[in-house]
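All remarks here apply to the structure that follows.
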Amino acid sequence: MRTILIFLGALMLAAGPSAAQQTDEFAWLEEIDGTKAIDWARARNTEALAFFQADSRYETLKTEAEDILQSTDRIPYFTRRGVWLYNFWQDKDHVRGIWRRTTLEEYRKPSPNWETMLDVDALGAVENKSWVYKSAICLPPAYLRCMIKLSDGGKDASVWREFDVMKKAFLPEGFTVPEAKSDLAWLDENALLLGTDFGPGSLTDSGYPRVVKRWRRGEPLEKATTVFEGAKEDVSAWPWVSHRPEGTTVMVGKSPSFFTSQIWILNEQGERVRIPLPDDAQLKGVFQGRMLATLRTAWKDFPAGALIAMDLAEVRGAKADPRTVLVYELGENSGFSGGLSLTQDAVVFGVMTDVKTALHEARFDRDGEAMIRKLPGRTDGTAFLSHADDYSNDIFFGYTDFLTPTSLLHLREGALEPELLKALPAKFDASGVDVQQFFTVSKDGEAIPYFLVGQKGMKFDGKNPTLLYGYGGFEASMTPGYNAALGKMWLERGGVYVLANIRGGGEYGPAWHRAALKENRQKAFDDFIAVAEDLIYQNITSPRRLGIMGGSNGGLLVGAVAMQRPKLFNAVVCQVPLLDMLRYNKLLAGASWMGEYGNPDDPAMREVIRKYSPYQNVLWYKERRYPEIFFITSTKDDRVHPGHARKMVAKMLGRNHRVWYYENIEGGHSAAADLKQAAMRKALEFTYLLKYLKD
């Protein structure tokens, strides 16, 4: 389904300060590009850079990060469009990157010959823009016309421009969508379905499109025809067009909340038929006369977490109860992993069992019943689907775990075993490293899994510098994966890495996520604290040697637990975080996340949120000592407002705590617009961790 849309976009601040802002002494830091706020951020940057870059390890770490991130032996992942494999690539010679293509035959070679389609560095130089490539949507099955998404500085807000594949150039008179948090789909060669900022009243409270229009070639954007409107209170309205060998299905939908949607099929006359799914189901695609969906809660005879298939013709005919069959049912200790993709004749999906993933495919027999088989390959780490498309039965998938360099394989139609296409060479010495999975018990008795990555035979003497990472939200699963930078910069220097699979994620299906929603948010924090306590109880590490890291929702996680249990940790890396949870719904895209956190404007929910909101729980130094937290954000992050981190730092400094802060002036929600900026950020983070946990 279109859940990726919901975590895009922003709603800019209202012109005047609210009553809540007026009582907040640091509200001025919410003015993203305000001179005073930028000067404050630059001053904090100067302090942090002077401190960390003076460390003798910084330059070495930065070089290691650049070598890894910009290495030419990385796996060039691709999207296949017809006979071509398209890839976006960045390295030291292409800092902002090139969009390029090759054939499968050429791709098999150690050094393929790539044809450059678009040079983003050159484009930025000519147009004097800090362009960051985001994505391309091309019209099947010929794929001759593409809409290219470009962001100025890495923001979510982007422009879309039509690109002619044959000419390898943008079309001067082609479709061009001005900068906004837009969503679009090709109807045919001469028309798009588009949700964007059409002017006053066209956006939701969350800053996403409220209106979807049909835009025909040669027609001014303001003349596009409205085909669907959502409500101002919805998160977003969006188009969805499925192009398949068996035909095209045109849909529009809206998301009343982050985890709910309502979807209609459009016919050629513009009439709409509602797809009769529960609002919290996730429509996954259209396949051979079926609509595929997963269920967050039980529905009819189908359990929560089930993958189901609904008869498309009966839906089009507005049948109240269309024929629906079960495709796959999750086990008690399982969850879906990595979404769902379609080939011409199969449905491919990943299933985690205790956070280890195997790929499966479903095909339908003549009676419409699903036949399931597990795809070949390793299942003791993370098997992941890399590419599948509607016009082929080939499957490209990979395997990774903490110590095994990632590989990419090709399973041809009818083949029993896959062909190895590419494998990442070892980027760090893993010969003396071991991986273990443990389970600990959270405050309410729930068993919480976590992975421990460290030296074989390491002493459990409480002296191991340990980095604990977590997220715990939005159904996102934390799975084993080969992290070359982490291995080189941390594990090789004797560090221990721990990945916590706390509630709020999707590791064990919908119930695992639902357990930490809204009024139950504290359970995610309790789970993370339980893992930290277990590491200390087992004498793997100690509070002096234990650090935590998290970004975005994970930034909220580490910010909250640092306020609640500061004596457990000696280092906290808090990346692009949410921290002022009483105002998060007023800042940028925050209103869209009320399905996750609840509405702080509701008095009852406000009291729940106030108890854990990091910004509201900063005490004075004489009352409580906190770790010297390292906050990282970006001025250009138009998803999570940089004001969260700015205000938290200002408040902690004002209450006599020592903290560190770095704000990248561009980079978007990743806090890095290119690989050099990403390498610098990693060098700063690991210099901090080595200083505070190892020295």
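Residue check, Gly9 against (1) loosely packed, with under 13 Cβ neighbours inside 10 Å; (2) modelled with pLDDT under 95, all met but one. Which one?
Only one criterion is unmet by Gly9, namely (1).
Under the condition of being over 25 Å from the mean Cα position of the chain (by Cα) and closer than 30 Å to Val165 by Cβ, which residue from segment 40-91 is surrounded by the fewest Cβ atoms within 10 Å (Cβ to Cβ)?
The qualifying residue surrounded by the fewest Cβ atoms within 10 Å (Cβ to Cβ) is Val83.
Tell me, yes or no, whether segment 584-596 has at least one residue that is modelled with pLDDT of 95 or more, over 25 Å from Lys155 (Cβ atoms) and not assigned by TED's automatic domain parsing to the domain that holds Pro256.
No; the residues of segment 584-596 include none that is modelled with pLDDT of 95 or more, over 25 Å from Lys155 (Cβ atoms) and not assigned by TED's automatic domain parsing to the domain that holds Pro256.
Taking into account only those residues within segment 567-606 that are in a loop (DSSP other than H, G, I, E, B), among the hydrophobic types (A, V, I, L, M, F, W, C) and in contact with a Ser or Thr (Cβ under 8 Å, 6 or more places away or on another chain), which is surrounded by the fewest Cβ atoms within 10 Å (Cβ to Cβ)?
For segment 567-606, the residue satisfying everything is Leu582.
Taking segment 626-671, which residues are modelled with pLDDT of 95 or more and β-branched (Val, Ile, Thr)?
Ile629, Ile632, Thr633, Val649, Val659
Where residues in segment 132-164 are at pLDDT 95 or above and of a type in the set (D, E, K, R), which of them is farthest from the chain's Cα centre (by Cα)?
Among residues in segment 132-164 that are at pLDDT 95 or above and of a type in the set (D, E, K, R), the one farthest from the chain's Cα centre (by Cα) is Asp164.
Looking only at residues in segment 455-483 that are buried (at least 22 other Cβ atoms within 10 Å of the Cβ) and farther than 23 Å from Trp512 by Cβ, which one is nearest to the chain's Cα centre (by Cα)?
The residue in question is Tyr482.
Scan segment 607-628 and give yes if some residue there is within 14 Å of Gly555 (Cα to Cα), among the polar types (S, T, N, Q) and not in a helix (DSSP H, G or I), otherwise no.
For segment 607-628, residues within 14 Å of Gly555 (Cα to Cα), among the polar types (S, T, N, Q) and not in a helix (DSSP H, G or I): present.
Within segment 224-262, track down each residue that is among the β-branched types (Val, Ile, Thr), surrounded by fewer than 18 Cβ atoms within 10 Å (Cβ to Cβ) and closer than 16 Å to Gly195 by Cβ.
Result: Thr225, Thr226.
Among the residues of segment 189-212, which ones are over 27 Å from the mean Cα position of the chain (by Cα) and either within 14 Å of Gln262 (Cα to Cα) or not hydrophobic (A, V, I, L, M, F, W, C) (or both)?
Scanning segment 189-212 gives Glu189, Asn190, Gly199, Pro200, Gly201.
Could you tell me whether segment 677-687 includes any residue that is without any contact (Cβ under 8 Å) to a residue 60 or more places away in the chain and hydroxyl-bearing (Ser, Thr, Tyr)?
no
Mind checking which residues of segment 377-396 are of a type outside the set (S, T, N, Q), touching a residue at least 40 places away in the same chain (Cβ under 8 Å) and touching a Gly at 6+ places or on another chain (Cβ under 7 Å)? Even if it seems obvious, please write down each step before you answer.
From segment 377-396, those of a type outside the set (S, T, N, Q) are 377-378, 380-381, 383-385, 387-391, 394-396; that's our starting set.
Retained after the next criterion (residues that are touching a residue at least 40 places away in the same chain (Cβ under 8 Å)): 377, 381, 384-385, 387-391, 394-396.
Passing the criteria: Phe384, Leu385.
Quick test for you: out of Asp429, Asp389, pick the one residue that is within 26 Å of Gly509 (Cα to Cα), of a type in the set (D, E, K, R), assigned to a loop (DSSP other than H, G, I, E, B) and modelled with pLDDT of 95 or more.
Answer to the selection: Asp389.
Of all residues in segment 484-536, how many are in contact (Cβ under 8 Å) with a residue 24 or more places away in the chain and either in a loop (DSSP other than H, G, I, E, B) or closer than 30 Å to Glu66 by Cβ (or both)?
Within segment 484-536, residues that are in contact (Cβ under 8 Å) with a residue 24 or more places away in the chain and either in a loop (DSSP other than H, G, I, E, B) or closer than 30 Å to Glu66 by Cβ (or both) number 27.
Since Ala524 meets every condition but one in (1) surrounded by fewer than 24 Cβ atoms within 10 Å (Cβ to Cβ); (2) among the hydrophobic types (A, V, I, L, M, F, W, C); (3) in contact with a strand residue (DSSP E or B) (Cβ under 6 Å, 6 or more places away or on another chain), which condition does it not meet?
(1)
Restricting attention to segment 95-141, and to residues there that are among the acidic types (Asp, Glu) and in a strand (DSSP E or B), which single residue is farthest from Phe78 (Cα to Cα)? It would help to see each step written out before you state the result.
The initial filter retains those residues of segment 95-141 that are among the acidic types (Asp, Glu), namely 105-106, 115, 119, 121, 127.
Narrowing further to those that are in a strand (DSSP E or B): 115, 119.
Working: Glu115: 13, Asp119: 17 Å.
So, considering only residues that are among the acidic types (Asp, Glu) and in a strand (DSSP E or B), the one farthest from Phe78 (Cα to Cα) is Asp119.
Which one is farthest from Asp444 (Cα to Cα), of the residues in segment 503-519 that are of a type outside the set (Gly, Ala, Ser) and touching a Lys or Arg at 6+ places or on another chain (Cβ under 8 Å)?
Among residues in segment 503-519 that are of a type outside the set (Gly, Ala, Ser) and touching a Lys or Arg at 6+ places or on another chain (Cβ under 8 Å), the one farthest from Asp444 (Cα to Cα) is Pro510.
Looking for something touching a Gly at 6+ places or on another chain (Cβ under 9 Å) and within 22 Å of Lys181 (Cβ to Cβ) - is there at least one such residue anywhere in segment 596-610?
yes
Mind checking which residues of segment 296-343 are under 26 Å from the mean Cα position of the chain (by Cα) and not in a loop (DSSP other than H, G, I, E, B)?
Leu307, Ile308, Tyr328, Ser334, Gly335, Phe336, Ser337, Gly338, Gly339, Leu340, Ser341, Leu342, listed by residue number.
Give Leu193, Leu221, Leu144 a once-over and let me know the one that is crowded, with 19+ Cβ neighbours inside 10 Å and not assigned by TED's automatic domain parsing to the domain that holds Asn585.
Result: Leu193 is the single residue among Leu193, Leu221, Leu144 that is crowded, with 19+ Cβ neighbours inside 10 Å and not assigned by TED's automatic domain parsing to the domain that holds Asn585.
Please state which one of Tyr537, Tyr508, Tyr497 is among the aromatic types (Phe, Trp, Tyr) and surrounded by fewer than 21 Cβ atoms within 10 Å (Cβ to Cβ).
Unique residue meeting the criteria: Tyr537.
The values are calculated or read from the model by the stated rules, or taken from the named source; none is laboratory data. Keep in mind that this is a model prediction, so the values were computed, not measured. For neighbour counting, all protein chains shown are included, and Cβ atoms are generated from backbone atoms with ideal geometry for every residue, glycine included.
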